[in-house]
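I have placed the structure first, in the form of structure tokens, so that the comments after it can refer back to it.
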Amino acid sequence: MLGDQQAAAVGQACFEKGSTKSTYGTGAFIIMNTGSKKINSKNKLLTTICYRLNNKTTYALEGSIFIAGAGVQWLRDKIKLINNAFETEKIAKSTKSNDEVYVVPAFSGIGAPYWRPDARGLITGLTRDSDWKNLVRATLESVAYQSYDLFYSMNKDGLKPRIVKIDGGMITNNWFSQFLANIINLKVLRPKILETTAFGAALLAGYQIGEFKSLNHIKNTWRKDKEFVPKIDKKLRNHLLQGWQQAIKKTLA
């Protein structure tokens, strides 16, 4: 039996300590394998089980983002700025910057590391020059900023991944995947099989019936589709993150 995010971690072959996956579906969930040691976060992340095989438990730290792809659904279904999710990549590419516009998608509260169920969504930085494209881009950007918050908490807990494997529906957007790498300042790998939750469940079933002889055997099934390396000016990155932190302060005030 595998939980949703644990199955994705198996599908991404996160079998080594420090290996990390991040799933971008309706919400987003980051899991880092912490090995045989149960680490209790001092920075509001969750301690969980990554997987248990042959009576041996492997632990993980997890961070939860409530709104990821659901923000794109909001753009499509509620404020009707787009017709489908695939349009967001072209729209984001057509803009040179976020023009200081930030969306904090706290539509159902905000998750880790803030844990404020009473928080509500916020749009900040609007001017007369702001348009609908700014809102689309800012909604995509918000998922990367929320991911940064989780990785920052992991760093404060003394855990620093070097590579992050991503999956889920949002990552078909190349612009988003590159922006994510820029903001978290880590190499991001996208696999050929994006439905890693189902894939992970199938892999572990195969392991149980002897189709795979070891976790290394499973690991060798993983294939990279594309690699995203950080490509952003350090000052610009810091400026963007400062703007996000100010938006978060307004949301939590």
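Tabulated data
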item: Selection count, region 12-49, where residues are in contact with a helix residue (DSSP H, G or I) (Cβ under 6 Å, 6 or more places away or on another chain) and over 27 Å from Val104 (Cα atoms); result: 3
item: Residues of region 191-207 that turn out to be in contact with a Phe, Trp or Tyr (Cβ under 7 Å, 6 or more places away or on another chain) and not in a helix (DSSP H, G or I), as a count; result: 2
item: Extreme residue, surrounded by the fewest Cβ atoms within 10 Å (Cβ to Cβ), among residues of region 59-83 that are under 24 Å from Met154 (Cα atoms) and of a type in the set (Gly, Ala, Ser); result: Ser64
item: Within region 84-117, tally of residues that are in contact with a Pro (Cβ under 6 Å, 6 or more places away or on another chain) and buried (at least 22 other Cβ atoms within 10 Å of the Cβ); result: 0
item: Test for Thr34: is it in a strand (DSSP E or B) and loosely packed, with under 15 Cβ neighbours inside 10 Å; result: no
item: Every pair of residues 6+ apart whose Cβ atoms lie under 6 Å, when the first sits in region 109-137 and is in contact (Cβ under 8 Å) with a residue 60 or more places away in the chain while the second is aromatic (Phe, Trp, Tyr) and crowded, with 19+ Cβ neighbours inside 10 Å; result: Gly111/Phe66; Thr124/Tyr102; Gly125/Tyr102
item: Filter result for Gly158 (within 14 Å of Gly18 (Cα to Cα) and of a type in the set (Gly, Ala, Ser)); result: yes
item: Meets criteria (among the charged types (D, E, K, R), in a helix (DSSP H, G or I) and more than 19 Å from the chain's Cα centre (by Cα)) for Lys96; result: no
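Here, each number is a calculation from the coordinates, and none is a lab measurement. The model shown is predicted, which means the values in this text are computed figures rather than measured ones. Note that we place each Cβ from the backbone using ideal geometry, even for glycine, and neighbour counts take in every protein chain shown.
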